[in-house]
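Right, one structure below, let's go through it.
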Amino acid sequence: MNSALQHDLNDFENILEKTKQQGLDFLNNLENIPTSNKHTIDPTRNLNAEGLGSLATLQEFKERLAPLMVASPGPRYLGFVTGGSTPASIVGDWLASVYDQNTQAIKAQGGASALIEFETIHLLLQLLELPTTFLGGFVTGATMSNFTCLGVARQWFGAQSGKDFAKNGISEPINILTATPHSSSIKTLSMLGIGSNNYTAIKTIEGNREAIDIADLENNIEKLNGKPFILISSAGTVNTADFDDFEAISKLKEKYNFWWHIDAAFGGFAAVSEKFKHLVEGWEGADSITIDCHKWLNVPYESAFYLIKKEHTQLQVETFQNSNAPYLGNPLENFNYLNVLPENSRRLRALPVWFSLLAYGKEGFQDIVENSTALALHFANALIENDNFELLAPIRLNNVCFTLKGDHNQENVGAFLTLLNDKGKVFMTPTVYQNRKGIRASFVNWRTTEKDIKIIIEQLKETVSDLNL
């Protein structure tokens, strides 16, 4: 055995203790760590032949790389709908690495990690009040969840005319209808060979809305003359957290033949709150749903799950089965996750979620959701009271979409946001909404408080002053 590796094995407890301390130093100081960082490194470091050992490597990380890390898990990082990591989720994530399971088969001599994943999906269905008619599993994020769901939808579309697209390729155009799809859904259409431009854009409801106009949707359905199609709908659009009318779509499902997919990456957690669960009423009628955990569930990256109706399991296996590996067994007789989603090798991603759900329960996540939405409203009200800003859309849930007041300031929005982020106290992301440049702040982090809102407002005022706006 390599001498450095042997030494690490003998000193493992000490190594883990020092690693724990490094992590605590970061987490306990999140409020003071910048939310953005201009410092950089030369990434062409030479590989050491003998190896440094873990402690020396940890020391180099501490001195050279740790100062580059930003407070993305912190309370004022409001970009990209980024959650933090609760204590329980970190415990689960660390143990997922320690136990290092390849989560695959239900009936396997190699361990029960797939059953843990099954149990976690069952817990999530209870949290979201969805029926057990869904089967789910964990992937890296919304992109791969959308890819999994829409991959099965692609197979469904082919099956409507007796074709197997998974085996033989796409042999005809696939009809996709959507109004305000997330970029990950469009990326998925590209990866699936459908084409990122090959969808019909449905009108949104008149007024300040991003939701599907049901009348226009039905008009476009009628134009298909009975042909099947795939509908991509939204539970929480990226700019304004708008929701499509799922009850109306459910009624359309009774009249027309289509696969209904919901991108609910963060908005699905509205179901946890009595105040907001009406936004997802009817979503149980969907064929597939995408939900992220590293957003509002506040677990570490990478964590998302898909939900697909059990009635589509045959199509799912046709899409993802490892038919050229006899040692894996019959995919329909012995459930194995590698036959129902993209990855063959998979870590136990369910464990951080399992720990979180058991540790904090439904009330814990209801509190996180309702606190986030209250803070978003508080922030929006503070913007309204300030003469330098205006809201671009009403506050429906947790996203605040705003801009500098006045059309004359549109040319200053980019410079304003760059300077604001460069200060390192808060981080937000740019957007364009209804042809106007804007800024989006997304509240999902369990650590964020009213104290942070006060700091954020102060930073906004200071940046306005710095630019003489």
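What is the packing order of peptides 408-415, 145-152, taking the mean over residues of other C-beta atoms within 10 Å and listing the highest first? Working shown, then result.
On the way: 408-415: 14.0, 145-152: 28.0.
My ranking of the peptides, most packed first, is 145-152, 408-415.
What's the long-distance tail for the chain, i.e. % of Cα pairs beyond 38 Å?
31 percent
For the stretch 25-59 and the stretch 344-405, what is the separation of their Cα centres, given in Å?
What the calculation gives is 30 Å, centre to centre.
Using each residue's phi in the stretch 232-249, evaluate 6.51 cos²θ - 1.76 cosθ + 1.60 at θ = phi - 60° and report the 3J(HN,Hα) Karplus result to the nearest Hz, with x for Gly and Pro.
Result, rounded to whole Hz: 9, 10, 10, 10, x, 5, 5, 7, 10, 6, 8, 10, 6, 7, 6, 5, 5, 5.
Compute the longest continuous run of the chain that contains no exposed trypsin sites (Lys or Arg not before Pro); treat a site as exposed when its DSSP state is not H, G, I, E or B and it has at most 12 other Cβ atoms within 10 Å.
It runs 108-469.
With unit charges on the beta carbon (Lys/Arg positive, Asp/Glu negative), name the residue among Y301, N168, T313 whose Cα is farthest towards the positive pole of the charge dipole of the chain.
N168
Which value, in debye to the nearest 20, describes the size of the charge dipole of the stretch 90-356 about its Cα centre when Lys and Arg Cβ atoms bear +1, Asp and Glu Cβ atoms bear -1, and nothing else is charged?
Its charge dipole is roughly 520 debye.
Sort 282-294, 238-250, 374-386 for me by packing, meaning the mean count of neighbouring Cβ atoms within 10 Å per residue, highest on top.
Packing order, densest peptide first, comes out as 282-294, 238-250, 374-386.
Evaluate Rg over Rh across the stretch 90-356, taking Cα atoms for both radii and Kirkwood's formula for Rh.
0.96
So which lysines can K18 reach, going by Cα to Cα under 20 Å and dropping same-chain residues fewer than 8 places off?
The qualifying lysines are K62.
Please work out the average accessible area per residue across the chain, using the 1.4 Å probe convention, and give it in Å².
Details: 21770 Å² over 469 residues.
Using a 1.4 Å probe on heavy atoms only, each residue of the chain averages 46 Å².
Per the 1.4 Å probe, what fraction of the accessible area of the chain, in percent, lies on carbon and sulfur atoms?
51 percent
With each run of n ≥ 4 DSSP H residues scored as -39500 (n - 2.57), what mean residue ellipticity at 222 nm is computed for the chain after dividing by its residue count and rounding to the nearest 500 deg cm²/dmol? Before the final figure, lay out each step's value.
Values: 14 runs with 181 residues, N = 469.
After summing the helix terms and dividing by the residues of the chain, the value is -12000 deg cm²/dmol.
Where in the stretch 52-152 are there GluC sites (Glu not before Pro) that are in a DSSP coil and have at most 16 other Cβ atoms within 10 angstrom of their Cβ?
When the GluC sites (Glu not before Pro) of the stretch 52-152 are filtered for loop state and at most 16 Cβ neighbours within 10 Å, E129 remain.
The values are calculated or read from the model by the stated rules, or taken from the named source; none is laboratory data. For clarity, every value in this text was computed on a predicted model and none was experimentally measured. FYI the Cβ positions are ideal-geometry reconstructions off the backbone, even for glycines, and counts take in every protein chain you see. To get the accessible areas, we keep the full protein, side chains included, count just its heavy atoms, and leave off ligands, DNA and RNA. Shrake-Rupley method; radii C 1.70, N 1.55, O 1.52, S 1.80 Å.
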